[in-house]
Amino acid sequence: MATETGESFSSYENSLDNTNDLEGYDNEFIPPDHCYECPICMMCLREPYQTDCGHRFCRNCIKRWLRTNAPGRKCPACNDLLTSEQIYPDNFAKREIYSLEAKCRYSKSGCEVQDSLKSLLNHERHCEFRPRKCPNCGQIVVCKDMDEHLSKLCPKLTVECQLCRHHVQLSNLDNHRNLCAIGNNSCPDCGESLDSKNSADKLHTCPKEMSKCRFNNFGCKYKGLQTEMRSHMEQYQREHLAMLADSVEQLMAKYPKPSPDVAAMGAQLQNFFSASTSAECEPQGHAMAAAVDFEEDLKKPKLKRAASLATQPEKSFVESESMRYGSGEYAVEQSHDVVLQLRNQVASQQQHIIELQSKVNYLESTVQDARSDLQNVKLDFKRRLCHGSFVWRLKNYKKLREEARLGAPNCVLHSPGFYTSFNGYQFCIRLNLNGVENAQGTHLSLFIHLMQSENDDILAWPFTGKVTLTICDQHQVASKRTSISETLVAKPGLAAFQRPTTFRNHKGFGYMEFAPISYLESEDRFFIKDDVLLIKAEVRSTSVS
Amino acid sequence: MANIAAQRIQREFREVIKSEEVAKCHIKLELKNDEYTELKGEIAGPPDTPYDGGVFQLDIIIPETYPFNPPKVKFITKIWHPNISSVTGAICLDILKDQWAAAMTLRTVLLSLQALLSAAEPDDPQDAVVARQYKEQQSVFRQTAKHWTYIYAKGPHREAELEAKVSQLRGMGFEEHKARVALSTCDWNIQRATDHLIS
């Protein structure tokens, strides 16, 4: 037996890794062949080699022999001296062996294929009986059974416990079933197993369940098996009666007469009763059924009170309560309608709100546009109606100055164009916050440029007149203001005052060193106030148009 | 690769079981574990030798590198032989050492050991004392070997004279096997054996 198991085990292992096929073919030959058996591995020669002395071995077997047994080695069969130069591949034997008839090496696993060894070798590579190692559990499984193994049998497979719905490894399922909270749902007293339905419905009446005596509320401490309860009841009749009597006495002491509120409640109930009978209570049947339930509920918590109440008021109380319950249901139905109405109303209002919202959005954007239009018109007015006296408020001075200092591409700033009169010449101010050419880094450079305008055709060219450029001191006290101002006269020969041929005449007229930057920025001066620099240009035209 | 060793032992085992030597009870092979790494061998003492009729048990350990290296074999049964240690059972046989060939099998090993019992090689001894006796006092050697075979290997030839000497020493308080070894070593001279035991 040991031989059998050992054999199958090792042949599995061997075939698992085909690259390790070092020794001969393990197939069963038909008829059995000993002619081509390797004397080393005792299997059929794989890649046969022959020695000088005429013995055959598997290629790997003889090479390993010669390698293992260093110098002066001998033939394993005849002990003649043998070196690695004295062995040769024996292709004749190889062909002969390939033509031998044999069974598939997996015949022990059930393969019935029988063929020439050469064809078999091809078949064995794809034989469905070849063993494979399960990638999950490492078990050796015959190839064709692998799918089933992976989907059903692998112990590492995760399955759902049918009872508690937890995921458990298949190999642990039996263990889990013993521990599974629901699987183990058996009665703790009698051990009877309960299925989940039973336990949920409490249908199981356990004969071993310890129950309390029904006079427990009146002071009986007895606890016992269902089966013994009967004899207890018989035996302790007298005691139970005494307990009952005590309880009743206590209750009577507590509630000597029906208390006023109870009486009032009774009266109220009477009213209800009459009201509800006269009212057309639609869900009458429902109400009565509900009333019965209600009565049951009512009895339990109010047991003590009920004992002290007279039978009549109690009855009417219950009845009228039930009526109230009935009308309540009606009210619920009514309010349900109201809720529906309200809901519809809310929906339509929401729709309305959405419409209004979009209207508001539209108006908002229109206002925005109008506002910016207005802004433009304002500016235009300012530009056109300034009569050549334009004040340019340069905001964010610090930032612009820093950009200019670092040589940003837009370090040249232009003011909006302004007109000497409504139909006059258009000018703009050019400002270099970091100076130009020689003044770079030290002075602020300020120029005036002529710009094209729709008036150019009716104006005299070149422009003649006076231009005053001022950087305004914004000191609070007018007398302390020391604005920097320069006036220049437009000479007709200057290119700057010819009719502009581009949007802005690229030649300007002004001062590279208009004012030292350090002076403008000095803290005891007010040229820059609230980060704003004020530049004023006054252009007086003397041209005759 | 241990696998080739196990596979070969399986095949050899099957071969031995079927062999005629087994059929004739000359040799026997048993597995000691399922991994084919340990076996128990048994050889019958060859006829016309002092070992005739005895059964000698052997311990066989298969190395992982088998058959590229020889199996490790030693006698479990105590034996009086120039090439086998009377103390440990270790065997001095060339095929179990440098003359091993991969084509040899456990069957050929057992048969070689049988042959060794028939033809000792006193010039290449394992047990020098035995070898000396073998060479110098052949008749004493044969008698001793027979006696050992009778005592340890269920041999048929009882050597009453030698047994008496062992009993004599036992009577003096010496342990039986020690007494036998001493007597065998001292060519059954009681006086020398006693001295040997005492020293």
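Things worth noting here:
- Distance between the range B:125-199 and the range A:370-403 - C-alpha centres, whole angstrom: 135 Å
- Comparing Cα centroids, the range B:1-54 and the range A:30-106 end up 24 angstrom apart.
- Extents of the range A:385-541, largest first, come to 47, 36, 23 Å (Cα atoms, principal axes, whole angstrom).
- Compared with the alpha-carbon gap, the fully stretched path from residue A:391 to residue A:52 is longer by 110.3 nm at 0.36 nm per residue.
- The order of A:389, A:543, going from fewest to most other C-beta atoms within 10 Å of their C-beta, is A:389, A:543.
- Shielding by partners - mean other protein chain Cβ count within 10 Å, residues of A:37-47: 4
- Footprinting exposure proxy ranking of B:36, B:152, A:330, fewest other C-beta atoms within 10 angstrom first, gives A:330, B:152, B:36.
- What the phi angles of the range B:182-189 give under the Karplus curve with 6.51, -1.76 and 1.60, with θ = phi - 60°, is a coupling list of 5, 5, 4, 5, 9, 6, 6, 8 Hz, glycine and proline written as x.
- Listing A:151, B:112, B:199, A:116 from fewest to most neighbouring C-beta atoms within 10 Å gives B:199, A:151, A:116, B:112.
- Karplus-derived 3J(HN,Hα), 6.51/-1.76/1.60, for each residue of the range A:217-230, Hz, glycine and proline x: 5, 9, x, 7, 8, 5, 9, x, 5, 3, 5, 9, 5, 4
- Shape class of the range B:128-198 from the alpha-carbon gyration tensor: oblate, with a/c at 1.5 or above and b/c at least as large as a/b.
- Between the alpha-carbon centres of the range A:341-367 and the range A:460-504 there is a gap of 56 Å.
- Among the listed pairs B:28/B:154; A:398/A:529; A:395/A:466; B:135/B:178, those beyond 19 Å (Cα-Cα): A:395/A:466; B:135/B:178
- In sequence order, calculated HN-Hα J values of the range A:480-493 (Karplus, 6.51, -1.76, 1.60; Hz; x Gly/Pro): 8, 6, 10, 5, 9, 9, 9, 10, 9, 9, 6, 8, x, x
- With a Förster radius of 56 Å applied to the beta-carbon distance between residue A:112 and residue A:247, the computed FRET efficiency rounds to 0.05.
- Built amide H within the under 5 Å cut-off of residue A:389, gap 5+: A:539
- Dimensions in Å of the range A:134-178 - Rg and Dmax from alpha carbons: 11.5, 34
- Our summary gives the range A:385-541 a relative contact order of 31 percent, counting only alpha carbon pairs under 8 angstrom and 6 or more residues apart.
- Taking all Cα pairs closer than 8 Å and separated by 6 or more residues, the relative contact order of chain B comes to 16 percent.
- Looking at the range A:446-545, the GluC sites (Glu not before Pro) that sit in a DSSP loop and have at most 12 other Cβ atoms within 10 Å of their own Cβ are A:454, A:523.
- All Cα-Cα distances of chain B, cut into 10 Å bins from zero to the largest, leave 9, 34, 31, 17, 8, 1 percent in each bin in turn.
- Inter-label distance, residue A:348 to residue B:40: 10.6 nm, where each label sits 7 Å from its Cα along the C-beta direction.
- Ordering A:368-374, B:122-128 by mean Cβ neighbour count within 10 Å, with the highest value first, yields B:122-128, A:368-374.
All of the numbers you see were taken from the coordinates with simple rules; none came from a lab. Keep in mind the model is a prediction, meaning the values are calculated, not measured. Cβ sites come from the backbone with ideal geometry, for glycine too, and all protein chains shown count toward neighbours.
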